[in-house]
Amino acid sequence: MLEGYLPIFFLLATAIAFPVIALIVARLLRPSSPNAAKQEAYECGIEAEGSSRGRFTVRFYIVAILFVIFDVETIFLFPWAVRYKQLGWFGVAEVTLFLTILIAGYIWARRNKALDWV
């Protein structure tokens with residue numbers, strides 16, 4: 001019964017071991033000469049002002065959420081692209097409806113200025 005799970009355990013062990021081994025090897029091979037300048041946060045050569053806990057406008061989060069939503073929705077097109085010949089015209093109608101809803105959401109977001117930065 002456990003023979004069926006053997007490939008899964010092997011894949012899991014490989015997925016865990018590979019990044020761990022890569023990080024260990026990289027730590028052993030890289031040059032290391034820490035100093036005060038290298039330990040500072042990188043701010044494009046400009047000294048940091050204020051706290052990093054500053055407030056951001058809600059618009060940044062709205063744009064990020066809209067990006068994730070539109071990006072994930074396009075992933076749903078992949079199964080249709082794989083099986084479009086088997087789905088026939090029914091599949092074309094489904095994707096047309098799906099893309100219509102997606103485009104309507106995009107137009108709504110543009111009209112409500114949800115994607116504008118200013």
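The values are calculated or read from the model by the stated rules, or taken from the named source; none is laboratory data. What you see is a predicted model; the values in this text were computed from it and never measured. Cβ atoms come from the backbone with ideal geometry, glycine included; neighbour counts cover every protein chain shown.
In the range 65-77, the condition of being surrounded by 10 or more Cβ atoms within 10 Å (Cβ to Cβ), of a type in the set (S, T, Y) and over 16 Å from the mean Cα position of the chain (by Cα) is met by no residue.
Here A48, A41 are screened, and the one residue that is surrounded by 10 or more Cβ atoms within 10 Å (Cβ to Cβ), outside any helix (DSSP H, G or I), at pLDDT below 80 and among the aliphatic types (A, V, I, L, M) is A48. Taken across the range 86-100, residues that are part of a helix (DSSP H, G or I), at pLDDT below 80 and out of contact with any Lys or Arg (no Cβ under 8 Å at 6 or more places or on another chain) do not occur at all. Quickly run through the range 106-118 and pick out the residues that are in a helix (DSSP H, G or I) and in contact (Cβ under 8 Å) with a residue 24 or more places away in the chain. Within the range 106-118, Y106, A109 qualify.
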